[in-house]
Amino acid sequence: MSIWQWAAGIAPVPEESRISLGEGVTPVLRSRSIGPKAGLKNLFFKLETTLPSGSYKDRFAVVAVSHMKSQGKSYCIASSSGNTGAALAAYCAAAGIRCEIAIVETAPMEKLKQMLAYGAELVRVRGFGLEPAATGETLNLLLERGRRPDAMFQISSFRDCPVGMTGVQTIAYELARQLERTPPDHVFCCAGGGGLALGVARGYQHLLSSNSVERVPKVEVVQPEGNATIAGPLREGKAAATPVICTTKVSGLQVASLTDGQECLTECRATGGTGHLVADEFVWNVQARMAREEGIFCEPAAAVPLAGALKAAEEGLVSPEATIVCMVTGSGFKDSVSVDRMVGERTAPMLSVDELAQRFQRT
């Protein structure tokens with residue numbers, strides 16, 4: 001299976017140029033613990049952690065890099081807060097395309113190492129991803145470099161790279177098939193630039209226009225309080241997304257500029273969805289609960305959708321009977337600092353065989 005089974009619903013790429021690393025239908029699991037404890041009878045997780053590079057950004061990268069291959073491009077210039085870069089580096093390696101990536105200042109080292117392992121060339125830029133001015137100037141430089149005849153600029157946003165981002169719409173196509181008997185009432189998505197939520201909303205609108213579904217779910221936008229570019233204005237009924245000075249420590253969602261923010265606000269609101277803001281500390285707590293209560297090992301950003309759903313449940317914004325899907329967007333292996341936070345002081349002591357026997361006798 002690969003994403004190309006949905007070729008009719010994404011940007012056209014000639015079959016001979018399509019690459020694949022086996023990305024395809026990711027699992028949907030019913031919550032065994034957290035949902036029932038919160039009074040949510042039909043809470044599901046969409047595990048994008050099982051994709052080849054460990055995040056949903058593979059859906060973008062496989063289409064983007066295949067499109068580059070079809071255009072005869074040999075140089076990918078990109079920007080990333082982590083997962084986009086890892087995905088692009090992986091698919092560029094598979095396609096034999098040079099990959100150079102400008103990284104946000106605070107990207108976790110694990111994600112940088114993953115990109116380097118694939119052979120990508122990296123540079124971190126001071127202020128990028130945190131300050132709107134530095135972010136805008138960096139993107140302008142990257143856009144200019146992407147105009148080289150052999151190059152193409154890639155960033156996971158519909159505004160700048162609409163071809164690749166159609167791959168994200170396949171999340172909706174999969175959910176419609178996987179939950180055909182109990183269609184989702186809400187899909188909770190984390191947001192940095194807004195591309196994930198926008199892709200899900202557009203995917204469902206495509207299905208609706210082709211009469212493949214009878215209705216679309218409410219696409220809910222969840223952001224950390226320290227990066228309320230979309231969720232805050234959406235919740236407050238404002239017409240426009242708003243750039244901010246980013247203060248959240250949740251890696252991957254530190255996007256101070258709007259990128260897809262305005263379109264995300266408009267199209268998610270059209271589905272009936274709204275915005276949800278969650279504190280960083282609550283995100284850390286939910287991330288740990290997902291590991292310990294559900295067996296789902298994810299990075300902090302991937303816990304943000306569930307944090308938003310739990311807060312919405314407390315506020316009475318979702319029905320206990322509703323079918324709710326929380327996107328789990330990236331693997332826990334991508335952020336060791338957050339894993340250290342979950343593990344705390346626990347360790348694995350070194351014992352002799354006799355000491356092991358004594359331990360077992362005591363317990």
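The values are calculated or read from the model by the stated rules, or taken from the named source; none is laboratory data. No experiment lies behind these values; they were computed from the predicted model shown. Virtual Cβ from ideal backbone geometry, glycine too; neighbours counted across all protein chains shown.
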For this session: Could you tell me which residue of the range 17-43 is surrounded by the most Cβ atoms within 10 Å (Cβ to Cβ), considering only residues that are of a type in the set (Gly, Ala, Ser) and out of contact with any Leu (no Cβ under 8 Å at 6 or more places or on another chain)?
Result: Gly24
Exercise. Looking at Ser31, Ser70, which one is over 17 Å from Ile171 (Cα atoms), modelled with pLDDT of 95 or more and not assigned by TED's automatic domain parsing to the domain that holds Pro300?
Worked result: Ser70
Exercise. Restricting attention to the range 90-121, which residues are assigned to a strand (DSSP E or B) and either within 17 Å of the chain's Cα centre (by Cα) or at pLDDT below 95 (or both)?
Worked result: Ala102, Ile103, Val104
For this session: State which residue is nearest to Gly192 (Cα to Cα) when the search covers only the range 309-323 and only residues that are buried (at least 21 other Cβ atoms within 10 Å of the Cβ) and in contact with a helix residue (DSSP H, G or I) (Cβ under 8 Å, 6 or more places away or on another chain).
Result: Leu310
Seminar exercise, completed: Expected single match for within 27 Å of Cys76 (Cβ to Cβ), in contact (Cβ under 8 Å) with a residue 12 or more places away in the chain and either among the charged types (D, E, K, R) or surrounded by fewer than 24 Cβ atoms within 10 Å (Cβ to Cβ) (or both) among Arg147, Arg159 is Arg159
Seminar exercise, completed: A careful count of residues in the range 45-60 that are of a type in the set (Phe, Trp, Tyr) and in contact with a Cys (Cβ under 7 Å, 6 or more places away or on another chain) gives 1
Exercise. Which ones in the range 67-89 are more than 23 Å from Val104 (Cβ to Cβ) and either under 20 Å from the mean Cα position of the chain (by Cα) or not in a helix (DSSP H, G or I) (or both)?
Worked result: Gln71, Gly72, Lys73, Ser74
Seminar exercise, completed: In the range 155-201, anything of a type in the set (Phe, Trp, Tyr) and more than 20 Å from Val278 (Cα to Cα) is listed as Phe158, Tyr173
For this session: Scan the range 255-262 and give yes if some residue there is part of a loop (DSSP other than H, G, I, E, B), buried (at least 18 other Cβ atoms within 10 Å of the Cβ) and without any contact (Cβ under 8 Å) to a residue 60 or more places away in the chain, otherwise no.
Result: no
Exercise. Taking Arg177 and the conditions (1) modelled with pLDDT under 95; (2) farther than 23 Å from Ala87 by Cα; (3) of a type outside the set (A, V, I, L, M, F, W, C); (4) part of a helix (DSSP H, G or I), which numbered condition does it fall short on, given that it satisfies the others?
Worked result: (1)
Exercise. Where in the range 267-363 are there helices (runs of 4 or more DSSP H), lying wholly inside it, with at least 2 residues that are touching a Cys at 6+ places or on another chain (Cβ under 7 Å)?
Worked result: 300-314
Exercise. So which of Phe128, Phe153 ends up being in a loop (DSSP other than H, G, I, E, B), among the aromatic types (Phe, Trp, Tyr) and either surrounded by fewer than 17 Cβ atoms within 10 Å (Cβ to Cβ) or not assigned by TED's automatic domain parsing to the domain that holds Gly332 (or both)?
Worked result: Phe128
Exercise. For Gly24, which of the numbered conditions (1) in contact (Cβ under 8 Å) with a residue 60 or more places away in the chain; (2) assigned to a loop (DSSP other than H, G, I, E, B) fails to hold?
Worked result: (1)
